[in-house]
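Data first, discussion second: the structure below is written as structure tokens.
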Amino acid sequence: MASKCAEYPSVFVVDSRAGIPPLPPKPGQMQAQRRRNRMTQTMLYLLVSMALFGIVVEACFIYHLYKTKQSSELPQNEKTPNAGARKGEQVMDHPTVPPKRTRPPLFQKPLKPLAHLTAGSERPSADGVMPWREEPELHKLEYKENKLVVEKEGYYYIYSKLCFDADDISYYHTMVMTTPRYMGTSPIELLRNRYHGDHTKPLKNVGSIQNSYLGGVFHLLKGDAVYVVVKSGRVLLQTSADNYFGMFMV
């Protein structure tokens, strides 16, 4: 049996770890908080609206730029009927004619002076000047009295080829220049080829031909004239590929 003198805990127990209850808000503090919240929401709505408005304006500018580019790429004959239809005017259907295409030239003109002459049916004159065809290939050079006259100063490669009868004992093939710089002077020899056969030996190449080629680079001034002289030999006028004369600027 329990003792009658046993002690029971007190009914009033104090919890020392319990926090202090919050203080009641001050008068008007809740209204100020609500006012600040409304201002924040208003500013947020305003910023979002401005961003959306900027996106719409940018889209309008892009669309306008795209339409302008499309209209500028359309041909003129396609833009005219559409403009008339927008204004309510009557548009007549006309057949569209494609533009004419210009063909590029088959042969482009050379940038530098050149000439190529071929022999015709005429024989050399009494002074030995070699004649050429009346329709030479010329560009920025003048053909006058069987001579090529320079119109532009520069360095030119001059060439000449002739076919001679091999039965001839000797022949003389040269290219000569006349210039207005030296008045009263004789023509100047630029290139020369001479052939002298042996009179005592019998001819072995009866009926054959011999080729003579001259070529070199010279500095020519405006007004200088170059031509070919043939003496003491018989030129065989075969074809235009056998006997020719020309020059071009290098």
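Checking the table 140/231; 140/161; 152/231 against a 25 Å threshold on Cα-Cα, which pairs fail? Cα-Cα > 25 Å for 140/231; 152/231; rest within.
For the range 124-163, the set of GluC sites (Glu not before Pro) satisfying both a DSSP loop assignment and a count of at most 14 other C-beta atoms within 10 Å is given as 134, 145, 151, 153.
Net charge of the neighbourhood of residue 177, taken over other residues with C-beta under 11 Å away and scored Lys/Arg +1, Asp/Glu -1, is 0. Approximating the spin labels as points 7 Å out from Cα along Cα→Cβ, the residue 36-to-residue 153 distance works out to 9.3 nm. Relative to the current alpha-carbon distance between residue 192 and residue 165, full extension at 0.36 nm per residue lengthens the span by 7.9 nm.
Multiplying the residue separation of residue 68 and residue 232 by 0.36 nm and removing their Cα-Cα distance gives an extension gain of 50.9 nm. Annotation: amide H-H contacts under 5 Å for residue 153 (H modelled 1.01 Å from N, sequence separation of 5 or more, or interchain): 222. Highest mean first, the peptides 154-162, 63-71, 215-223 sorted by other C-beta atoms within 10 Å per residue fall in the order 154-162, 215-223, 63-71.
Per-residue Karplus couplings for the range 53-62, computed as 6.51 cos²θ - 1.76 cosθ + 1.60 with θ equal to phi - 60°, are listed in order as 5, x, 5, 5, 4, 5, 5, 5, 5, 5 Hz, Gly and Pro entered as x. What FRET efficiency do you get for residue 248 and residue 183 if R0 is 30 Å and r is their Cβ-Cβ distance, rounded to the nearest 0.05? Working from the Cβ atoms, E equals 0.60.
FYI, it's all coordinate maths here, none of it is from the lab. Since this is a predicted model, take the numbers as computed values, not measurements. Backbone-built Cβ (ideal geometry, glycine too); neighbour counts: all protein chains shown.
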